[in-house]
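For reference, the structure is listed below as structure tokens.
The values are calculated or read from the model by the stated rules, or taken from the named source; none is laboratory data. Predicted model only: the values in this text are computed from it and were never measured. Because the Cβ atoms are built from the backbone with ideal geometry, glycine has one as well, and the counts that use them run over all protein chains shown.
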Amino acid sequence: MSQPPTYSEQDSPPFEEDDREVLGLVIDIEGFEGPLDLLLTLARKQKLDLTQIEILPLVEQYLAFIHQAKSLKLDVAADYLVMAAWLAYLKSRLLLPPDPDDGEEELSGDELAALLAHRLKRLEAMRKASKMLLEQPQLGIDVFGRGLPEGLEIVACEGSPDYDTTLYQMLKAYAGLRQIQAVKVVTVKKRKVWSLKDARKKLEKMLQMNFEWTTIDSYLVAYLADPEERRTALAASFGASLEMVREGHAEIRQDGSYTPLYLRAVTPEKSLNRKGDA
Amino acid sequence: MRDESPSSNVTHLTSAERIENLRILEAVLFAATRPMQTKELQTYINVDEDVGRYLKELEGIYASRGINLVRIADKWVFRTAEDLSGLLQRQAAAATKLSQAALETLVIIAYHQPATRSEIEEIRGVATSKGTLDVLMEVEWVRMRGRRKVPGRPITYGTTEQFLSHFSLENLSDLPGMEEFKEAGLLEGTIAASFSMPKPSPSGEFADDEEPL
Amino acid sequence: MRDESPSSNVTHLTSAERIENLRILEAVLFAATRPMQTKELQTYINVDEDVGRYLKELEGIYASRGINLVRIADKWVFRTAEDLSGLLQRQAAAATKLSQAALETLVIIAYHQPATRSEIEEIRGVATSKGTLDVLMEVEWVRMRGRRKVPGRPITYGTTEQFLSHFSLENLSDLPGMEEFKEAGLLEGTIAASFSMPKPSPSGEFADDEEPL
């Protein structure tokens, strides 16, 4: 059980009717209608008879799947990660002995697993229902009404006509009218943003040969006047300065919380010494 | 039960295939959206079979029924039996669709009531013809509520009880709100912060700036 | 000539009047542009006669034919026989192409109605994307039914008569697999044993915890 399941195309049982590639090289989160759908597909792979699903192996498979997707640096949508976190929690509940201190309201691991199994079966049932519904004879495809109905001759009587307008038609008309006012195209003004690289370039230039402790603010004084630029300049420079310190090109000092940060260049000899020390 | 019922026009056909051919032609003629040529109908059954004979047989089967299979210039079509045409006439209220203009006017009145004609026009962006409001008042979905307390004292319109019951609404406040429009996909895109949907004022009372007719 | 031709399905009726009633109903149903209510059909024949019995009889007469009389939500309509489907299929009669998400949403609404949006999402495990419900309402298969009597009074969705008509269902209990799913407890909620989702209730009535919009 501790061994994460491995997958290959050879040993995967054939899908009932689902030709989506689950694992193997193609990992396509896009192909799934959400995490529950992915779980269901994995469960189907495990067993066609969903009444017999084993939750723990299924949890392992899901976690392995997400892990693999992440290691391939694919963007995994947040809801898949939320499900992964929940499954990890479920797994711990299933593996650890029940805590006697747990309140009565707290569901046991087995109960949680049963709920998950129920949700999967229910989704599966609706999938099955979708297929069965499409097999029903459909009007205009399988069965037809009278092609040329003569219509019943209606002699309009006194009084108002009978309008068969629906609520939806009315709401749709309203939305159509007001949509124009409702929707605004928002253009976000491009903000001035210093990248770490920009900041480092500027900082390096200014720091050159400056071996005295000087506050970061004074290095950046030319840029801090503009309130729009101030924040990004400070943030990026701070990041860049840490990087330079790490590489041994600069030293940084702060005397206490919220006090100014001081920065100075490291002399070449010092730098060499430091390297020797290390 | 179905098989027991003797259907003499069909039973003299010996083979199941012949019955099937009659069924097919019956269905094709029924579903056709125009009168069908004999040769077109032939394509629905086996080439070796004479479609003409089957059509003659169907003609016979339906001759005494409420609908007849008739032939017009070598085209076949089902028609209501002529002698019944008088009986099919009914006095009934014609079911029709509201015009788009009436639909828009109605829903603006519903949400923005009390609404004056110029307010309706402002939202629709076009002038409201007199007929539009008349139609809505004739079906008794819209009524004159009162007058707005502004120069000219324009008439304010609102919806009626009949309006609520036609759309199975208990109260005006049950009309879907902005969130529900979005939820149902009726409003799409980024909704401007300034956008709002009004809360309809109940039709029993007068709004602050409204007075009786 | 018409009276001479033997038509056994009708001839076992003793009175000419009964035959006439069948002919009238047949003609009305053929000519109608939409499914007809039993009570509407009653208006075409003598008030003393039970239109239901005649309709049952017509249903029997046509059961083995190429066209059948079918009942959908207590309305009657002639349709081509289901088994002829393959022979009649028109060139891809523009089957309303629904996305997988829309189809699933439709099915969940059909089997669980009245269903709120959050209930649909709970079952599918994903948020309903914009346009899904809108598409279903646009084709008139889904409608806003009412509101659930819980905090926030969410809108409940249900299917329409057009939905039944399109899928040749007489009523909701004819949905395929309905009994099986119900017995397996798959149409209930998961939150806790005490929390159960409402059973599908006929779209005309309101569930206990539902009220008009």
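Residues in the range A:129-146 that are within 7 Å of another protein chain (Cβ to nearest Cβ) and surrounded by fewer than 17 Cβ atoms within 10 Å (Cβ to Cβ) were compared, and the one that is modelled with the lowest pLDDT is A:140. For first residues located in the range B:186-201 and touching a residue at least 40 places away in the same chain (Cβ under 8 Å) and closer than 24 Å to residue B:115 by Cα, partners that are surrounded by 13 or more Cβ atoms within 10 Å (Cβ to Cβ) and of a type in the set (Ser, Thr, Tyr) and lie 6+ apart or on another chain with Cβ distances below 6 Å form the pairs B:198/B:111; B:200/B:111.
Looking across the range C:166-186, the residues that are buried (at least 21 other Cβ atoms within 10 Å of the Cβ) and either more than 8 Å from every other protein chain (Cβ to nearest Cβ) or within 20 Å of residue A:168 (Cβ to Cβ) (or both) come down to C:166, C:167. Within this structure, residue B:60 fails the test of being closer than 24 Å to residue C:34 by Cα, of a type outside the set (Ser, Thr, Tyr) and within 9 Å of chain C (Cβ to nearest Cβ). Scanning the range A:153-178 for residues that are at pLDDT below 80 and either more than 7 Å from every other protein chain (Cβ to nearest Cβ) or not in a strand (DSSP E or B) (or both), we see that the one that is surrounded by the most Cβ atoms within 10 Å (Cβ to Cβ) is A:161. In a residue-by-residue description of the range C:130-145, the property of being touching a Lys or Arg at 6+ places or on another chain (Cβ under 6 Å) and within 20 Å of residue B:177 (Cα to Cα) applies to no position. Looking across the range C:18-41, just one residue is of a type in the set (Lys, Arg) and either at pLDDT 90 or above or in a strand (DSSP E or B) (or both), and that is C:23.
With respect to the conditions (1) surrounded by 15 or more Cβ atoms within 10 Å (Cβ to Cβ); (2) within 14 Å of chain C (Cβ to nearest Cβ), residue B:147 falls short on a single one, namely (2).
Picking from residues in the range C:59-99 that are part of a helix (DSSP H, G or I) and small (Gly, Ala, Ser), the one that is modelled with the lowest pLDDT is C:86.
For the range C:23-57: of the residues being more than 12 Å from chain B (Cβ to nearest Cβ) and surrounded by 20 or more Cβ atoms within 10 Å (Cβ to Cβ), which is farthest from the chain's Cα centre (by Cα)? Filtering first and then ranking leaves C:51.
In the set (1) in contact with a Lys or Arg (Cβ under 9 Å, 6 or more places away or on another chain); (2) under 15 Å from residue A:171 (Cβ atoms); (3) of a type outside the set (A, V, I, L, M, F, W, C); (4) in contact (Cβ under 8 Å) with a residue 60 or more places away in the chain, the condition left unmet by residue B:113 is number (2).
The rows are residues; the columns are (1) at pLDDT 80 or above; (2) among the hydrophobic types (A, V, I, L, M, F, W, C); (3) more than 24 Å from the chain's Cα centre (by Cα); (4) more than 21 Å from residue A:113 (Cα to Cα).
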residue	(1), (2), (3), (4)
A:12	no, no, yes, yes
A:21	no, no, no, yes
A:48	no, yes, yes, no
A:53	no, yes, yes, no
A:60	yes, no, no, no
A:87	yes, yes, no, no
